[in-house]
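The next block holds one structure in the form of structure tokens; read it before the comments.
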Amino acid sequence: VGTYDICEVSPGPHLNMIIGANGTGKSSIVCAICLGLAGKPAFMGRADKVGFFVKRGCSKGMVEIELFRTSGNLVITREIDVAKNQSSWFINKKSTTQKVVEEQVAALNIQVGNLCQFLPQDKVGEFAKLSKIELLEATEKSIGPPEMHRYHCELKNFREKEKQLETSCKEKTEYLEKMIQRNERYKQDVERFYERKRHLDLIEMLEAKRPWVEYENVRQEYEEVKLARDRAKEEVRKLKEGQIPMTRRIEEIEKQRHVLEARIKEKATDIKETSQKCKQKQDIIERKDKQIEELQQALTVKQNEEHDRQRRISNTRKMIEDLQNELKSAENCENLQPQIDAITNDLRRVQDEKALCEGEVIDKRGEKESLEKERKSVGDNIVRFDNLMNQKEDKLRQRYRDTYDAVLWLRNNRDKFKQRVCEPIMLTINMKDNKNAKYIENHISSNDLRAFVFESQEDMEVFLKEIRDNKKLRVNAVIAPKSSYADKAPSRSLNELKQYGFFSYLRELFDAPDPVMSFLCCHYHIHEVPVGTERTRERIERVIQETRLKQMYTAEEKYVVKTSFYSNKVISSNTSLKVAQFLTVTVDLEQRRHLEEQLKEINRKLQAVEAGLIALCERNKHLEHKDNELRQKKKELLERKTKKRQLEQKISSKLGSLKLMEQDICTSLHIQKVDLILQNTTVISEQNKLESDYMAASSQLRVSEQHFIELDESRQRLLQKCKELMKRARQVCNLGAEQTVPQEYQTQVPTIPNGHNSSPPMAFQDLPNTLDEIDALLTEERSRASCFTGLNPTVVEEYTKREEEIEQLTEELKIKKVELDKYKENISQVKERWLNPLKELVEKINEKFSNFFSSMQCAGEVDLHTENEEDYDKYGIRIRVKFRSSTQLHELTPHHQSGGERSVSTMLYLMALQELNRCPFRVVDEINQGMDPINERRVFEMVVNTACKENTSQYFFITPKLLQNLPYSEKMTVLFVYNGPHMLEPNRWNLKAFQRRRRRITFTQPSQ
């Protein structure tokens, strides 16, 4: 490496002194040790790339180091490729990684980056530049127990966290005190606010109870109407039962009347026969009247009586004629009863239809209310979708005003285009999950996101001419492929890619119209670009090599893979994904169309229900009118029927009188007939009376039935009102439709007194139970609440918020203090485990370091230095030296001592570490360059004596020169480095043959 084509170095177990002229390759051996043990090029201070350490002109270099290990030697090989500046690693001839090599080297406590263990030529000056803190850290790593540096790091971390916790506790305590003081200032205002709130809460409870009281009043009225209706129903039943005997009596009288009329007809026949016989006898009497003079006087009297009778007969006949004329003017009595029965049946049928119609009206109104509620709900959902769409349009308007104006123009002028025109892609794309919007916005350029999509070239030219040329708007437009790409299948199934963490192609992440989807598939290949997860990023190299995908996405990055045209190499680049701005709003257009169709269907049903409701109302009016007409007709028929019966009775009575007056001879018969007529008249009168009573009872029954119907209608109205009041009361008290009414809303309690003052709000049951008392109490409480003016709710909110924050801060402060105590306890424990061994270690170093300086007639000390015992990151090792007796001890710095003095001090400090060192070897390169001969000789002696002792680590001492007559030890190994164009190749070098030739030359010299 560096200088050699090939070189093998076999060092000894103790001190190895490598000597050779400058430029022969001594430091190359040091570099080989560092690079072969996974050291970084910067450790040597010569180059920053590993390829620079390979001999110039060579394309590759190799370092192989064999390390002793009790479980078996470890052979580490590093092959360096200059062109790629890369290394290949092998352990015991088996390929491995640099990380494994570093772990193996660290396990042997080899630290090529620690200047206390590995001091290259170009880093000698930097040792003196090490700060006390850095020197302590290097010493801990080099000779301290494995846990010493770990304890030190833990202490520093604990101390840092302790400081943070102390600062946090202090800040929180101060902030807490300020918050408490601030809340105390606003406490009185908050109390006044809550006093007002208690009045407002009572007002709210009174307003909540008022509908319940209204409901209770209406419910009681409903119960009263219900009881009245039941009483009316019972009265109707009793009236119907009371009519049954009257009906039976009328039927019996009717039968009796028919019997009497039959007997009257028989008597009329007898009278007729008797009249004929009387007439014959009268003729005989008239003929004999002339002969009987004594009867003349009686005849005159009879004549006068006859004259009077004739006059009465004439008057009676005239009356009969008038009555008959009046009877003829009326309809036939026999047809009235069927008409009355028919009208009664029609009236009952109309009333049934009317009740059915009113029930249908109530059902229709309920259905209408239900549909209106459903229409309102659907309308609200459509408004919510429109608001989401407006958000997308607002973003477009704010960012691209010209594009937004073009969208408005397009919506008003769609009739100018022959084929479909899609609005900008960012408006038509609808993400299935807005979390994936970042992939689409990073994949599609912003120019195309705000581009209009056309299916026809002609339509696009018309659009651009109007928008760009006439309106001077800057917009973008693209044309969709003639053949659709929207449903084009990807070249490979997604199932093949799921093993790499891919879960979807870009096309499946959103919905869009067919022209837009076709354009994106054709130009952006969204059906070929998969989207992966963090798992994809972790194995991205394997994904690129195995899948040969040109583009792909992981959770937060976009990868583009290209193949070089010249070298056929795969080149990949990745960029971080930008945050999505336009597509984060998701609108389910399909659901919105479904809601619009649902709204149309609801409106259609509402129109049908309203039409049906109007028809039912018209039908109800018609039935009401018909009901009134039938009632009027029935009343007229009943009046006519009664009048006919009276006329018939009068005519019958007059006819009887007439016949009596006409035939006095039939007196006995007439008396019998009159008796029968009187009986018949009595019966008819009784029948008429019964019929009149029946009609009165029927009228009373109808009135009762009407009263019952009105009460039932009132009950229905009150029931509906109860339901509405119950619904309103539930809404006021936030009760669900199916939720049971709590007991506190049902219990009746005594009324509270009016002398209510600023006491806490009463329970719901304690509130008044009458509307007047509730209204009076509401007025009083509102007056009380209005007295509290000038109260700002934000002050109360801030007060409450601060109270919560004070409570939270108090709890956090308590937790922080517990955590701080825990950290202090941990620090105390770790400090004891770290500081005592460290002091002992520094004391040992100081003892050896002081002895070394004393042997050189100089003075030196090593101590553990810190300004503050609690600042564990400020602990350090301080080296103080004195090379002249007239001076004081001074700290070793790059400026106070000379270069030789610094070299001596560095070498002696390293020697002091030698016997305490845990590392397997130590390397020091040209440390004696700046020393004077005296110090160089003294230091060399100390190095030999110290490094050649038993149980010390291997030591590499590199120097370009040596003084004469230096002491050497049998345990040290001297390696001479010769290099030049005339040197033998290493594989031809034979040390034993060289020694034999040397001996032969020595033996032959005396004979000459």
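The values are calculated or read from the model by the stated rules, or taken from the named source; none is laboratory data. Quick caveat, the model's predicted, so the values are computed rather than measured. Reconstructed Cβ throughout: ideal geometry from the backbone, glycine too, with neighbour counts over all protein chains shown. Areas reflect the complete protein model, heavy atoms only, side chains present, ligands, DNA and RNA absent. Shrake-Rupley method; radii C 1.70, N 1.55, O 1.52, S 1.80 Å.
Quick rundown of the values:
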| item | result |
| --- | --- |
| Output for segment 793-811, where each listed residue is surrounded by fewer than 16 Cβ atoms within 10 Å (Cβ to Cβ) and not hydroxyl-bearing (Ser, Thr, Tyr) | Pro793, Val795, Glu797, Lys801, Glu803, Glu804, Glu807, Gln808, Glu811 |
| Residues of segment 1-44 satisfying the condition of being open to solvent by 50 Å² or more (accessible area, probe 1.4 Å), in contact (Cβ under 8 Å) with a residue 24 or more places away in the chain and over 21 Å from Gln104 (Cβ atoms) | Asp5, Ile6, Cys7, Glu8, Ala21, Asn22, Gly23 |
| Lone qualifier among Tyr505, Tyr566 - being hydroxyl-bearing (Ser, Thr, Tyr) and open to solvent by 40 Å² or more (accessible area, probe 1.4 Å) | Tyr566 |
| Any hit, segment 51-61, residues being in a strand (DSSP E or B) and open to solvent by 40 Å² or more (accessible area, probe 1.4 Å) | yes |
| Unique match (being open to solvent by 100 Å² or more (accessible area, probe 1.4 Å), modelled with pLDDT of 70 or more and under 30 Å from Gln720 (Cα atoms)) among Glu224, Glu235, Glu266, Glu251 | Glu224 |
| Leading residue by the ranking (farthest from Pro11 (Cα to Cα)) among those in segment 956-971 that are open to solvent by less than 20 Å² (accessible area, probe 1.4 Å) and of a type in the set (A, V, I, L, M, F, W, C) | Leu966 |
| Selection from segment 440-467 of residues that are part of a helix (DSSP H, G or I) and either at pLDDT below 90 or open to solvent by less than 10 Å² (accessible area, probe 1.4 Å) (or both) | Ile440, Glu441, Ser446, Leu449, Asp459, Phe463, Ile467 |
| All positions within segment 409-429 that are open to solvent by 20 Å² or more (accessible area, probe 1.4 Å), in a loop (DSSP other than H, G, I, E, B) and over 12 Å from Phe463 (Cβ atoms) | Arg420 |
